[in-house]
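> Let me begin by handing over the structure; questions about it come next.
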Amino acid sequence: MDVTALNNIALSQISPSTSPSDISVAILGKQLDVTQKLGDTMIQAMERSVNPHIGGNIDISV
C-alpha cells in the first residue's frame, strides 16, 4: 500500500468532528498493517532459505 492509498483512507474517515490526532492514529494504524505484512514476507523468505545446501553446487561442465 502506498502513501496515496493511506491518504485516501484517512480522508474518507474525516468528518467535522474528526480531530487531527484521529487522522494520525488512522494513518499509523495502516502503516502498522503494512509493516506487519512486510515482516511476514521477510519471515517467509528466511524460512525458505533454511536449507543451505540447495543451490550450493552448480555443474558447469560442458
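The values are calculated or read from the model by the stated rules, or taken from the named source; none is laboratory data. Because the structure is a prediction, the values reported are computed rather than measured. All Cβ positions, even for glycine, are placed from backbone atoms using ideal geometry, and neighbour counts span all protein chains on display.
> If you check every pair at least six apart or on different chains, which have Cβ atoms under 8 Å apart with a residue in the stretch 22-33 that is surrounded by 15 or more Cβ atoms within 10 Å (Cβ to Cβ) first and a residue that is outside any helix (DSSP H, G or I) second?
Listed pairs, sorted by first residue: I23/Q13; I23/I14; A26/Q13; K30/M1.
> Do you know which residues across the stretch 1-21 are modelled with pLDDT of 75 or more and surrounded by 10 or more Cβ atoms within 10 Å (Cβ to Cβ)?
T18 - this is the single residue of the stretch 1-21 that is modelled with pLDDT of 75 or more and surrounded by 10 or more Cβ atoms within 10 Å (Cβ to Cβ).
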